[in-house]
């Protein structure tokens, strides 16, 4: 198998996986950074990050924990907005979690008083009589 990616061997700083580094990885993930961006933050190229993350399952776990904490934080803030009466926050929650969708304004809503259309054929050779029948139908007589 040929590796198409040639890793950059320049490192900005030495990457040591300790509790402080794991905590920082979790914090960065909490802020929304993806693994590639976290690797850039530590001065690692993607290839080195991939190797380190496969060798150290705690690195992947730190990313998962940070991401989960970020989701919880955002959810709590959304809930606070909903509780304070923010209609946009409530609508957002209902659309994303409650299965509620706004009606599409392009689609016409049927009116309650709309009459049902019926197919009527007027079999008459006299055009004046056909016109009278048609008018009676349109007037609802």
By counting other Cβ atoms within 10 Å of each Cβ, how are 38, 51, 25 ranked from fewest to most? 51, 38, 25
The stretch 52-75 versus the stretch 81-99: alpha-carbon centroid distance in Å: 27
Which length gain, in nm to one decimal place, applies between residue 81 and residue 23 when the Cα-Cα distance is subtracted from 0.36 nm times their residue separation? 18.0 nm
With the crude spin-label approximation of a point 7 Å out along Cα→Cβ, what separation in nm comes out for residue 64 versus residue 126? 8.7
Among 82, 138, which comes first, second and so on when ranked by fewest other beta-carbon atoms within 10 Å? 138, 82
Three semi-axes of the equivalent ellipsoid, the stretch 19-96, Cα gyration tensor, whole Å, largest first: 33, 11, 10
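Readers should treat all values here as calculations from the given coordinates under stated rules, not as data from a laboratory. Source: prediction; values computed, not measured. Positions of Cβ are backbone-derived with ideal geometry, glycine not excepted, and every protein chain shown enters the neighbour counts.
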